[in-house]
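No lab work stands behind these numbers, since they all come straight from the coordinates. Please read these numbers as outputs of a predicted model, since none were measured by experiment. Note that each Cβ is placed from the backbone with ideal geometry, even for glycine, and that neighbours are counted across all protein chains shown.
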Amino acid sequence: MSGHVKLFIPGPTEVSEKTFRAFCTPMIGHRGSDFKALYGEIQPKLQNLFGTKRPVFLSTSSAWGIMEGAIRNLVPIGGKVLCCMCGAFSDKWFDVSRRCGREAIGLQVEWGKPILPDEVQKVLSSDNFDAMTLIHNETSCGLRNPLWDIAEVMKKFPKVMFIVDTVSSFSTQWIPMDELGIDVMLTGSQKALALPPGLALFAVSERAMERATKVEGRGYYFDFLEFAKNAEQNMTPSTPSISHIFALRSKLEEIENEGLEKRFQRHSKTNALVHEWVKQNGFGFFAQEGYRSVSLTCVENTRGIDVAAWVKRLRERHGLQIDGGYGKLKGKTFRISNMGDETEDSIRDLLAKLDDTLKN
Ligand SMILES: *Cc1c(COP(=O)(O)O)cnc(C)c1O
């Protein structure tokens with residue numbers, strides 16, 4: 001791909017030629033036996049990745065479709081949702097909940113700080129909530145929330161639906177939906193799965209499905225009941241992006257061949273390489289120690305370099321793209337993604353080129 005700039009931004013991530021070839025498989029009808037076979041074939045592999053016995057649904061939308069959909073399906077109009085807020089995406093979920101006409105209460109911490117289980121326990125005990133939203137890996141600040149500990153707290157509040165965004169952590173580490181008692185677990189195609197953007201994947205617990213039957217105003221496009229009804233016949237409610245599903249099948253084969261444990265280790269190792277580089281070069285980490293993401297690194301620009309100029313140099317000289325900081329963190333931070341297909345070699349290559357361009 002001449003003139004192509006390779007992506008090391010935390011989404012969309014770099015898509016391989018192999019994935020693109022699968023994406024370009026000739027079209028099939030979405031109500032025919034070929035499609036049902038395709039859907040049926042990937043289902044057990046998806047359940048394995050989600051750590052669930054529940055069906056895994058495919059939505060032709062970005063992740064936000066399901067983030068909004070989860071609110072519409074599980075929180076009655078006028079009902080109450082607790083939104084754990086620690087960065088740009090989790091803050092926005094609060095806003096989205098309100099736009100859906102639900103009463104959203106925020107558990108806000110400073111960006112870069114984690115949501116702590118004790119705080120969750122305190123707020124949930126103080127009121128009656130229908131649901132709680134949590135972003136496992138807050139991509140804007142490279143922060144990973146203590147999902148396992150929070151999940152323990154949630155087990156004491158069975159009426160509060162536990163909605164978890166794993167968009168930028170999914171398949172980089174073990175997140176067993178059923179064991180953690182997650183009610184809606186959702187992810188998107190363009191992060192660690194390294195597929196083109198445009199597909200969201202999610203699963204819904206049995207009790208959340210029951211809840212949805214009692215909630216009015218679920219709409220149609222993201223109605224969980226529609227997904228469930230169609231999934232029984234290996235179909236989606238409306239015409240899906242079939243190209244994405246071909247690409248997903250190819251990716252799931254790759255994941256199976258690599259092995260889950262190896263895949264997780266690869267992400268830890270490549271992340272550790274980036275962390276080493278950060279320390280060697282005298283930069284800081286934006287996220288609090290102990291709560292740092294393993295799929296991307298949000299680097300604090302403690303050296304006060306001109307991030308925008310550097311990012312541009314890297315792009316022009318080497319055809320590589322890193323991120324110059326999200327929203328209000330632009331220039332104060334920069335982000336390096338190690339999710340998707342990246343290897344120790346490709347990350348070492350990136351880091352060498354970061355060194356090359358850092359000074360001038
Ligand atoms: C990228 C991202 C999203 C948004 O995904 P879209 O595909 O743009 O809807 C949501 N949550 C997290 C944690 C993300 O990293």
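Here the gap between ASP127 and LYS92, fully extended at 0.36 nm per residue and compared with their Cα-Cα distance, gives a gain of 10.4 nm. Label positions at GLU258 and GLU152, each projected 7 Å from the Cα along the C-beta direction, are separated by 3.1 nm.
Cross-link check: pairs LYS6/LYS353; LYS53/LYS262; LYS251/LYS353 evaluated at a Cα-Cα cut-off of 19 Å; pairs beyond the cut-off: LYS53/LYS262; LYS251/LYS353.
The stretch 103-143 has equivalent-ellipsoid semi-axes of 20, 11, 8 Å, by the square roots of 5 times the alpha carbon gyration tensor eigenvalues, sorted largest first. Across the alpha-carbon atoms of the chain, the computed radius of gyration and Dmax are 20.3, 61 angstrom. Toward the positive end of the charge dipole of the stretch 140-228, with +1 on the Cβ of Lys and Arg and -1 on the Cβ of Asp and Glu, the farthest Cα among PRO176, CYS141, THR213 is that of CYS141. Report note on the peptides 211-220, 7-16: ranked by the mean count of other C-beta atoms within 10 Å, highest first, their order is 7-16, 211-220. With all pairs of different C-alpha atoms in the average, the Kirkwood value for the hydrodynamic radius of the stretch 197-245 is 11.9 Å. Every helix of 4 or more DSSP H residues in the chain counts as -39500 (n - 2.57), and over all residues that averages to -13000 deg cm²/dmol at 222 nm.
Relative to the 2.2 N^0.38 Å rule of thumb, the stretch 261-360 has a C-alpha radius of gyration ratio of 1.02. Just so you know, the Rg over Rh for the stretch 75-130 is 0.97, from Cα atoms, with Rh as the Kirkwood radius. Across the alpha-carbon set of the stretch 174-267, the Rg to Rh ratio works out to 1.00, Rh being the Kirkwood radius.
Using a simple spin-label model with pseudo-atoms 7 Å out from Cα toward Cβ, GLU232 and GLU119 lie 4.3 nm apart. Net charge of the neighbourhood of LEU46, taken over other residues with C-beta under 11 Å away and scored Lys/Arg +1, Asp/Glu -1, is +3. Each part reduced to its alpha carbon centroid, the stretch 232-276 and the stretch 142-192 end up 17 Å apart.
When the stretch 1-59 is described by a simple charge dipole with +1 on each Lys and Arg Cβ and -1 on each Asp and Glu Cβ, the residue from THR13, THR52, GLY32 located farthest towards its positive end is THR52.
Protection proxy ranking of 256-267, 66-77, 94-105, by the mean of other Cβ atoms within 10 Å over each peptide's residues and highest first, is 66-77, 94-105, 256-267.
Computed over neighbours whose Cβ is under 13 Å from that of GLN288, the net charge equals -1, Lys and Arg +1, Asp and Glu -1.
Annotation: amide H-H contacts under 5 Å for LEU107 (H modelled 1.01 Å from N, sequence separation of 5 or more, or interchain): CYS83, CYS84, MET85.
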